[in-house]
1. Looking at Gly68, Val176, Pro308, which one has the Cα that reaches farthest to the positive end of the dipole of the chain (charges on Cβ: Lys, Arg +1; Asp, Glu -1)?
2. Along the charge dipole of region 196-346, Cβ charges K/R +1 and D/E -1, which of Ser325, Leu338, Ser279 sits furthest on the positive end?
3. Could you give the angle, 0 to 90 degrees to the nearest 10, between helix 245-255's Cα long axis and the longest principal axis of the Cα atoms of the chain?
4. Given the alpha-carbon gyration tensor of region 1-139, what are the semi-axes of its equivalent ellipsoid in whole angstrom, ordered largest first, with each equal to the square root of 5 times an eigenvalue?
5. What FRET efficiency comes out for Arg109 versus Val389 if R0 is 35 angstrom and r is the Cβ-Cβ distance? Round to the nearest 0.05.
6. If one puts a single equal scatterer on every Cα of region 116-208 and applies the Debye formula without solvent, what log₁₀ I(q)/I(0) results at q = 0.12, 0.18, 0.19 Å⁻¹?
7. Quick one: plug the Kirkwood hydrodynamic radius of region 170-232 (C-alpha pairs) into Stokes-Einstein at 4 °C, 1.567 mPa s, and report D in µm²/s.
8. Compute the acute angle (0 to 90°) between the alpha-carbon long axis of helix 145-160 and the principal axis of greatest extent of the alpha-carbon atoms of the chain; round to the nearest 10°.
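The values are calculated or read from the model by the stated rules, or taken from the named source; none is laboratory data. These figures come from a predicted structure and were not determined experimentally. FYI the Cβ positions are ideal-geometry reconstructions off the backbone, even for glycines, and counts take in every protein chain you see. Just the protein is used for accessible areas: all its heavy atoms, side chains included, with ligands, DNA and RNA removed. Shrake-Rupley method; radii C 1.70, N 1.55, O 1.52, S 1.80 Å.
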Amino acid sequence: MSWDQIWIDINIATMSPSIAAPYGAIKNAALAVKDGKIAWIGKRSELPEFDVLATPIYKGKGGWLTPGLIDAHTQLVFAGNHSADFEQQLQGHGSQKSSRISMSVKACRDADDAELFELARQRLNALAKEGVTTVEIKSGYGLNTQTELTLLRVARELGKHHHVDVHTTFFGAHAVPPEYTDNPNAYVDLVINQMLPKVVADNLADAVDVSCGHSAFSLTQAQRILTAAKAAKLNVKLHADNASTANSASLAAEQNVKAVAHIEHFDEQSVKKLSQSGSCAMLLPGEFYAQRETQHPPIDLLRKYQVPMVIASNYNPISAPLCSSRLMLNMACTLLRLTPEEALAGMTRNAAKALGIDAHVGVLDVGMNADFCLWNISTPAELAYTYGVASCVDVVKNGNLVHQ
């Protein structure tokens, strides 16, 4: 056999549902790479003969390979922070979420491209060190045409200069900006008729997200935006409103959204609609922690109806200022009561599905991209069990070793 590289002395958590073992595990395994793809995977004892002298061989020292982690819900590109407001909140003061969004919007509108890029690069580096090889970055802190386009351009540029794949989401419908408070329909018109066409013309987004509810956009307004996005051949996503779960679930099902966030108050009928639509449930343990939330997502119902559960950081300056994939794995288990295997699936296989890239990444199998991490761990459960230990030894992206 002629391969570009061989990995031996490893165990593999393939995360493939076709393998019955927990984590889709193959112990005492080997993996071969050719042309940036996985060309062979299986037991080391079954590895076909190959040219030992001509093939680079990597030894994992008994560690575990997993798919590269995927953070499928972030807002990495922003300026400013809310540390002062955080301090005031702890003293019983602090501003409302709408005011904090307005502060972030102003900071982003005032920042230049270079500042936004450098801040986002540092955040992406932090995720990359923890094994993230794919990330979604939303806009949403511009809320005018110029700044929304700038945030997306910076995110696209970031992807050109980093080994982490960057998928961008236009989130101009994050909130109603202050200048449109008295006329939100006019802002919806702006999003649909001016922002979206320019986003599409410049190929700045892979998807469109909408925040639907009493604190953002009405069901009708959200429906208009999602319909326009689908007509533009973009994937669609939804931030649901906890106070209007039935309507949010119906809208998600009607629009076949890839993922729905903020489903804490979804009842059984709502979860059933998610299952029927094929949507993923976007679980955000960092926000649950940072906002001291008490209403848990309906985990048992999601399991019952086999709705794919995605774990993401939702890193942003307002509700989830926690830039760590490993911490999210731990919080998914300790706070949301997922199993370690469910948590890891939420940042690999299910996260890939939420981004519409599950044909290429998210599991380790023949024909998939050679996109994986080597961890110095004795069991995959360690990735969720512990936090703060630098156990990511190597990262391979499209067959290239990018981190040691």
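1. Going by the charge dipole, the pick is Pro308.
2. Selected residue: Ser279.
3. Its long axis makes an angle of about 70 degrees.
4. Listed largest to smallest, the semi-axes of region 1-139 are 46, 18, 12 Å.
5. Values: r = 40 Å, r/R0 = 1.13.
E between Arg109 and Val389, to the nearest 0.05, is 0.30.
6. Per q value, in the given order, log10 I(q)/I(0) is -0.39, -0.77, -0.83.
7. Value of D from the Cα-based Kirkwood radius: 111 µm²/s.
8. Helix 145-160 sits at roughly 10 degrees to that axis.
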